[in-house]
Amino acid sequence: MDNKDKAKQKKNAKIEESEYIIQLKGLTKQYGNKCVVNDINLNIKKGEFVTFLGPSGCGKTTTLRMIAGFEIPTQGKVLFGGEDIAKLPPHKRPVNTVFQKYALFPHLNVFNNIAFGLKLKRIEVNYQKANGEAGVKQVKLKDFLVDPNTGKPDFSIAAKDYYSYVEKGYVKLKKIKKYVNKMTKKGRVQKEVNGYKYYIDEKVRRALKIVGLSDYETRDVNSLSGGQQQRVAIARAIVNEPKVLLLDEPLGALDLKMRQEMQIELKEMHKTLGITFIYVTHDQEEALTMSDTVVVMKDGVICQEGTPIDIYNEPLTAYVADFIGESNILDGIMIDDYKVNIVGTEFACVDAGFGQNKPVDIVIRPEDIEVKSKEKGIITGVIKSSMFRGVHYEMMCECNGFEFIIHSTIEAPIGKEVGLYVAPENIQIMHKEHVDNTVEVTFTSNTTFDMYGGTYDFTPTALWKDCSYDADQDILTIDGVETALKGSSAKIRFGFADVDMTDDEYAAPLAGNVDSMIYKGKNYIVDIKTDDNHHIYADTEYLWDKGDRVGIKIDPDKFEIVKEEAADIKTDGDGISAKNEDVKGDENV
Amino acid sequence: MFKKCMAIPYALFMALFVLLPLALVLVFAFIDASDGSFDMIANFKELAKEQALGKVISNSLIAGLSTSALCLLIGYPIAYFLTKPEFNRKGVMIGLFLAPMWVNFLLRMMATKAVFNVLGFKMGMGAVIFGLTYEYLPFMIMPLYNTILKIDKSYIEGASDLGATPTRAFWKITLPLSMPGIISGLTMVLIPSITTFAVTEIMSNGKMMLLGDFIYSLKADSLNMAAAISFVLLIFMGISMFISNKYADGGSKGGGIC
């Protein structure tokens, strides 16, 4: 490649980069051994409204704090306009934050809270020392240069030109009023010009007007209501005219009505100000209402990013579907292209390319199910309950033992047998994240192995077909070879339904906490997180609560060995790359 | 009714050990010792005549104010760094700094005096101020530590987010917000150090007197005079409390032992 090409490529790269104001590259944050944010890559466009959405502890706030500069990433880059700012302290970053609990300074009134940033504003100026050396010094806002003809501070004056502009007759902000008075007397300048104090005054007043709190300047911040404090916090951030505004669950402490009002106002502000908003929330409705782009996070990883419409209509995983809005999440089997079996009935769908007889996750939004007469539906069921919810009725219909939630403006009477119809395009089909638990275990004897620190019994005859052992269980014969298993390891597999959850953690070899649950119409798929942060999935008909401490029991007969030819696939129960699931799915069928 | 009965011991305690002594001080201050009659100004006139008193008051003010200032200057940085977890793992350091309070102060003063003598330092005002600072430093650190500890970290983050360097954030946020602690620390050092006795006696070889020593030196029969001086001190105390309350209300609440 010759140099010309290289230069061209470089130029292209630059153009591409300049489109994005913030880029996160391989951003990782660890506290001790715990990975809170794991290798996040994200590009944020200028003027975009981006929302990080996820449950508490998913790493969304940590990500925001790394952009703001309160946390230094363990690895990765935070590019601001192409420049890495990951290690820059917060006061040097061109971003401002609206904090969750506002963090208004209690000893300052509204005006001084808002003016705080303005008064600190500094630019670096190159100048020549007396001995001819070049030096850099910090210039305060009051020393900013003002064009005496317009009366406005000229921030565009480059640092190196500062002194040449002074020679040109530009005046420092603090002196401008005096200067103008003098000039006006001489009849030279007739324009209205503001001095330093007036300049700040005007900015603060404008910010207060934007947030709808005019005439609140002298109020004590402690005397304001939650909503008003929130507005002051926003004013305090936007008055500095940041390129990017970071908002950390800013509406979390407000009541519903206030929150909805502020959502609309924030969206308006975003339009008027035209700056980039990065917003963090756990409220999916808030995220869908306000954002241009929603980034759904879980366990420090981005699950999906896209427009609110994409995220809602085409969730990539059951987790995203469950988190965003109400939905019916069900197990399905992709019979063939455009054909899917859900709860024992074949539905037409618009998806293809999954292969034949592949287990998949199905999402159907409650409002996409049409209640028809018994004959006209694809599947028949009985209405079990109905609740008036204002705009619609929320009905529960049982079909083949599975529950469907339906939102409809027309009520069907309880007990009535109805037909349900779902248009093919409204069936969202997703790869399964996991189809079974696959774990690398170490044998501790011929009948026990160690899995994530718990010792489980297993039945060797269930693991190996051609296998026998003597009465004392001392000698194990596999494929005609006497084997001592102790110390060796293997990859084993067990199904979701083989996991037995128990209240008594000491009655089971291994314990963990319930991390999340997804309702599948009849049963729950429970994600149990062990103390070493491994995940084990269980299928249960009982409802557990998030955070419940449970013991994990597994029937010794239920383990299967993962065959050698499949051994090169790296799966350890945590692996979630889509490619692997396909293969795993294969094995399962 | 039962709940009200529970308050009786405290009410009795208050009456016997707080209200009664205060009342006695007031009564004695306004009774003429020579004839036992009620006289508003007799004791104060007598006080004014006392030659040494002017010197005692000026000494007290100098010693008290410089002790307070020194305690604040030394105590603030200590308290500030002790609130940082990296300097004060599990509160061990703060315990160490407060440990001198566990040793009898007379013993400490005498030891200090011995050290001063060995080093050949002159015993006088300087030594007294040193002794007082040594004595009262923990009383300054404690309220400061509590106040600074309670300042929400998000204020500092907010300030740095708005462009403040760490130094600037300290002057603009941390210091103003630790005002209540400063005030209560000063209250706990100023008045006690003015009215202390023994420290002066030991650290100045009995050459110097503060108000406390002066009261101590009065003979048993001049209880009325002592009461009069106490009355003056009470007024001082009242004024300083008034000022401290006024400031403490301004900033965030809490902090301080009192």
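The values are calculated or read from the model by the stated rules, or taken from the named source; none is laboratory data. Bear in mind that the values here come from a model prediction, so they are computed numbers and not experimental data. Methodologically, a virtual Cβ is constructed for each residue, glycine included, from the backbone with ideal geometry; neighbour enumeration extends over all protein chains shown. SASA here: full protein model, heavy atoms, side chains in, ligands and nucleic acids out. Shrake-Rupley method; radii C 1.70, N 1.55, O 1.52, S 1.80 Å.
Can you say whether A:Thr455 is outside any loop (DSSP other than H, G, I, E, B) and more than 30 Å from A:Leu316 (Cβ to Cβ), as far as the supplied structure shows? Yes; evaluated as a whole, the condition is true for this residue. When B:Thr167 is tested against (1) more than 14 Å from chain A (Cβ to nearest Cβ); (2) loosely packed, with under 13 Cβ neighbours inside 10 Å, exactly one condition is not met: (1).
Across the range A:110-124, which residue is farthest from the other protein chains (Cβ to nearest Cβ) among those that are crowded, with 19+ Cβ neighbours inside 10 Å and either of a type in the set (A, V, I, L, M) or in a strand (DSSP E or B) (or both)? Step through it out loud before you land on a result.
First, pick out the residues of the range A:110-124 that are crowded, with 19+ Cβ neighbours inside 10 Å: A:110, A:113-118, A:120.
Applying the additional criterion that residues be either of a type in the set (A, V, I, L, M) or in a strand (DSSP E or B) (or both) yields A:110, A:114-115, A:118, A:120.
Working: A:Val110: 15, A:Ile114: 10, A:Ala115: 10, A:Leu118: 9, A:Leu120: 4 Å.
Out of the qualifying residues, it is A:Val110.
Within the group A:Asp539, A:Asp531, which residue is surrounded by fewer than 16 Cβ atoms within 10 Å (Cβ to Cβ) and within 30 Å of A:Asp331 (Cα to Cα)? It would help to see each step written out before you state the result.
Values: A:Asp539 fails: surrounded by fewer than 16 Cβ atoms within 10 Å (Cβ to Cβ).
Checking each option against the conditions leaves just A:Asp531.
Taken together, the residues in the range A:20-63 that are open to solvent by 20 Å² or more (accessible area, probe 1.4 Å), in contact with a helix residue (DSSP H, G or I) (Cβ under 8 Å, 6 or more places away or on another chain) and of a type in the set (A, V, I, L, M, F, W, C) amount to 1. Selection of strands (runs of 3 or more DSSP E) fully inside the range A:353-436 by the criterion of at least 3 residues being aliphatic (A, V, I, L, M) and under 34 Å from the mean Cα position of the chain (by Cα) returns A:358-364. Whether a residue is open to solvent by 10 Å² or more (accessible area, probe 1.4 Å) and either touching an Asp or Glu at 6+ places or on another chain (Cβ under 6 Å) or within 14 Å of another protein chain (Cβ to nearest Cβ) (or both) was assessed, and A:Asp299 does not pass this test.
In the range B:110-164, how many residues are open to solvent by 50 Å² or more (accessible area, probe 1.4 Å) and within 14 Å of chain A (Cβ to nearest Cβ)? Result for the range B:110-164: 4. When every residue of the range A:250-270 is checked against the conditions, at least one turns out to be crowded, with 18+ Cβ neighbours inside 10 Å, closer than 11 Å to A:Tyr102 by Cβ and within 14 Å of chain B (Cβ to nearest Cβ). Scanning the range A:493-511 for residues that are in a strand (DSSP E or B) and touching a helix residue (DSSP H, G or I) at 6+ places or on another chain (Cβ under 7 Å), we see that the one that is surrounded by the fewest Cβ atoms within 10 Å (Cβ to Cβ) is A:Ala511. Across the range B:207-222, the qualifying residues are those that are open to solvent by 30 Å² or more (accessible area, probe 1.4 Å) and modelled with pLDDT under 80, and the one among them that is nearest to B:Gln51 (Cα to Cα) is B:Leu218. Checking each residue of the range A:507-516 against the condition of being among the β-branched types (Val, Ile, Thr) and modelled with pLDDT under 90 gives no match. When B:Gly181 is tested against (1) modelled with pLDDT under 80; (2) within 14 Å of chain A (Cβ to nearest Cβ); (3) under 30 Å from B:Ala111 (Cβ atoms), just one condition goes unmet, and that condition is (1). Residues in the range B:193-210: is at least one touching a Phe, Trp or Tyr at 6+ places or on another chain (Cβ under 9 Å), within 14 Å of another protein chain (Cβ to nearest Cβ) and closer than 17 Å to B:Leu73 by Cβ? The answer is no; no qualifying residue exists. Checking the stated criteria, A:Asp147 turns out not to satisfy the condition of being away from chain B (no Cβ under 14 Å), open to solvent by 10 Å² or more (accessible area, probe 1.4 Å) and at pLDDT 85 or above.
Being under 27 Å from B:Glu201 (Cα atoms), out of contact with any helix residue (DSSP H, G or I) (no Cβ under 8 Å at 6 or more places or on another chain) and surrounded by 15 or more Cβ atoms within 10 Å (Cβ to Cβ) is the requirement here; does B:Ala29 meet it? Criteria not met by B:Ala29. When A:Glu285, A:Glu241 are screened for being surrounded by fewer than 23 Cβ atoms within 10 Å (Cβ to Cβ) and part of a helix (DSSP H, G or I), only A:Glu285 passes. Screening the range B:1-100 for helices (runs of 4 or more DSSP H) wholly inside it with 2 or more residues that are touching a residue at least 24 places away in the same chain (Cβ under 8 Å) returns the ranges B:20-29, B:42-49, B:51-82, B:92-98. Tallying residues that are charged (D, E, K, R) and touching a Leu at 6+ places or on another chain (Cβ under 8 Å) within the range A:516-557 yields 1.
For the condition within 20 Å of B:Met237 (Cα to Cα), touching a helix residue (DSSP H, G or I) at 6+ places or on another chain (Cβ under 6 Å) and polar (S, T, N, Q), what is the one hit in B:Thr67, B:Thr83? Break it down stepwise before answering.
Values: B:Thr83 fails: within 20 Å of B:Met237 (Cα to Cα).
Testing whether each residue is within 20 Å of B:Met237 (Cα to Cα), touching a helix residue (DSSP H, G or I) at 6+ places or on another chain (Cβ under 6 Å) and polar (S, T, N, Q) leaves just B:Thr67.
Test A:Asp322 against the criterion of being open to solvent by 10 Å² or more (accessible area, probe 1.4 Å) and either in contact with a strand residue (DSSP E or B) (Cβ under 7 Å, 6 or more places away or on another chain) or of a type in the set (Phe, Trp, Tyr) (or both), and give yes or no. Spell out the reasoning first.
Working: open to solvent by 10 Å² or more (accessible area, probe 1.4 Å): yes; either in contact with a strand residue (DSSP E or B) (Cβ under 7 Å, 6 or more places away or on another chain) or of a type in the set (Phe, Trp, Tyr) (or both): yes.
Yes.
Of the residues A:Ile311, A:Ile278, the single one that is aliphatic (A, V, I, L, M) and assigned to a strand (DSSP E or B) is A:Ile278. Annotation note: Cβ proximity below 8 Å between a residue of the range A:364-387 that is farther than 14 Å from A:Glu411 by Cβ and touching a residue at least 24 places away in the same chain (Cβ under 8 Å) and a residue that is β-branched (Val, Ile, Thr) and not in a strand (DSSP E or B) (sequence gap 6+ or interchain) occurs for A:Ile364/A:Ile427; A:Ile379/A:Val343. Taken over the range A:216-240, the residue count meeting the criterion of being free of Cβ contacts under 8 Å to residues at least 12 places away in the same chain and either among the acidic types (Asp, Glu) or within 14 Å of chain B (Cβ to nearest Cβ) (or both) is 1.
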